[in-house]
Amino acid sequence: MDRERDGPGGPGVLPVSVILWEKPGCCLCERAREILARLAAEYPLRVDRRDITTDADAFARYRYVIPVVEIEGGPRFEGKITELWLRRAIARILQHGR
């Protein structure tokens, strides 16, 4: 499967996979979605949103710490997510590789 794409980051840059664990009605989750949308305009991101209320295991694991942002090849962030943390993590992964 060819994962290359043209867009933020330039032609041929592989997108960074990001998983956002969230649930409906969560204001911190909404904030994390907005941050990821802004960053996706600047960086090659592939964001996969996952609703913890549809998966019993995910609900048990994340119900007290959402939102959770997992970045491919990098750290995991929980709770109150900041744009600065995500920006630094994504830039570091793109600069140094996965």
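The values are calculated or read from the model by the stated rules, or taken from the named source; none is laboratory data. Note that the structure is a prediction, hence the values are computed from the model and not measured. With ideal geometry, Cβ positions are generated from the backbone for all residues, glycine too; neighbour counts draw on all protein chains shown.
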Residue pairs, Cβ under 9 Å, 6 or more apart or interchain, first in segment 26-51 and within 16 Å of F77 (Cβ to Cβ), second exposed (fewer than 13 other Cβ atoms within 10 Å of the Cβ) and hydroxyl-bearing (S, T, Y). List them.
I35/T82
For segment 8-38 the number of residues that are assigned to a loop (DSSP other than H, G, I, E, B), modelled with pLDDT under 95 and out of contact with any strand residue (DSSP E or B) (no Cβ under 7 Å at 6 or more places or on another chain) is 6
In segment 63-98, the residues that are at pLDDT 95 or above, of a type in the set (A, V, I, L, M) and farther than 15 Å from I19 by Cα
L84
Could you grab me the full set of residues in segment 47-62 that are surrounded by fewer than 12 Cβ atoms within 10 Å (Cβ to Cβ) and over 28 Å from L14 (Cβ atoms)?
T54, A56, D57, A60
In segment 55-98, how many are more than 24 Å from P24 (Cα to Cα) and part of a strand (DSSP E or B)?
0
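When residues of segment 44-54 are filtered for being farther than 16 Å from C26 by Cα and part of a strand (DSSP E or B), how many remain? If you could, list the steps in order and put the result at the bottom.
As a first pass, look at segment 44-54 and keep what is farther than 16 Å from C26 by Cα: 44-48.
Keeping just the survivors that are part of a strand (DSSP E or B) gives 45-48.
Of the residues in segment 44-54, 4 are farther than 16 Å from C26 by Cα and part of a strand (DSSP E or B).
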